[in-house]
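The values are calculated or read from the model by the stated rules, or taken from the named source; none is laboratory data. Everything quoted here is computed from the prediction, not taken from an experiment. Using ideal geometry, Cβ is built from the backbone for each residue, glycine included, and neighbour counts are taken over all protein chains shown. All accessible areas refer to the heavy atoms of the entire protein, side chains included, with ligands and DNA or RNA removed. Shrake-Rupley method; radii C 1.70, N 1.55, O 1.52, S 1.80 Å.
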Amino acid sequence: MRKKIAIQGIKGSNHYKALTELFNEAEVEALECNTFQELVNAVVTGKCEKAVMAIENSIAGSILPNYRLILDHHLQITAEHYLNISHNLVALPGQGLADLVQVKSHQMALHQCSNFFSNHLHINLIEDVDTALPAKIIAEHQLMGVGALVPKGSAELFQLATLAEDVQNNSLNETRFVVVQKQANASLEVNKATIQFEMAHESGSLAKVLNTMSAHHLNLSKIQSIPIPYDIWRYAFIVDVSFSKAIQFQNAFSELSKISINPTCVGQYKSGKS
């Protein structure tokens, strides 16, 4: 029996593509969710053990609501994967760009292809919940004059024609996906961790944390502030660090627990970058 893993979107979406690159497609089944809240609920309620969730994009930055969902539901990041993002414009066969009246896709995909559509102002751009769902609807209802932005390779799933390839503004475009679950990994191969902590409003408090990381040879690859709910204008920090030995992180986190407020290890996992 194949294991269910939750994704946001449907087969053919970037989340599905990330799922198939992370796991053996023959061993897993995508549990398709309309929203990230639904995705997290699937893990929390036990509908599935794991979920694949987008967490940041190399151009657009962090997806803070998704970090908030992970933190609020006490989930653990157990793996990460970087997916190169490429968008193709697809529609029913027999049409050209001049025939399109509207193009539908996820708002992020539309944003990342803005330069292309600035040269085709006759096309009305419409946001949808997913990159693949509009393509599926076009195929099912045989909608003429409607296009969709989909990940490369998805046109074939819906028997659609590709009108333009790689229409994204920047070819150096990656989205980082994480695997989240309720329990931490028992893997000994971890070399990266995500932590969250708060700081007192005191001069040099953040510097102490950064110096501690440096002293234990942790490489700080990301630091992100995130609002603390119900505590107006106060922020926590989310930090990604990499290390060569797990003991380095363990010792550093032990010291961080003494100089920060509410420190939490959000996950230890193997880096998705070789």
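Screening the chain for DSSP H helices whose Cα atoms reach 15 Å or more along their own axis and whose mean Kyte hydropathy is at least 0.0 gives 205-215, 246-259. Comparing 89, 220, 133 in a Gaussian network model of the chain (Cα springs below 10 Å), the most mobile by mean-square fluctuation is 220.
The lysines whose alpha-carbon is closer than 18 Å to the alpha-carbon of residue 17, local same-chain residues fewer than 8 away aside, are 3, 4, 50, 136, 152, 273.
Here, the chain yields an orientationally averaged convex hull projection of 16.4 nm² when only Cα atoms define the hull.
Of the GluC sites (Glu not before Pro) found in the range 185-274, the ones in coil according to DSSP and having at most 11 other Cβ atoms within 10 Å of their Cβ are 189, 202.
A simple spin-label model places pseudo-atoms 7 Å from Cα toward Cβ; at residue 247 and residue 107 they are separated by 4.9 nm.
Ligands, DNA and RNA aside, residue 58 has an accessible area near 80 Å² when probed at 1.4 Å. For the range 86-166, the calculated P(r) over all alpha carbon pairs, in 5 Å bins from 0 to the bin holding the longest distance, is 3, 18, 32, 30, 14, 2 percent. Of the listed residues 213, 1, 144, the order by accessible area with a 1.4 Å probe, largest first, is 1, 144, 213. Using a probe radius of 1.4 angstrom, the carbon and sulfur fraction of the accessible surface of the range 126-274 is 52%. Compute the distance in nm between two label points, each set 7 Å from the Cα along the Cα-to-Cβ direction, one at residue 161 and one at residue 45. In this crude label model, residue 161 to residue 45 measures out at 4.3 nm. Helices in the chain, meaning DSSP H runs of at least 4 residues, each add -39500 (n - 2.57). Divided by all residues, the mean residue ellipticity at 222 nm is -7500 deg cm²/dmol.
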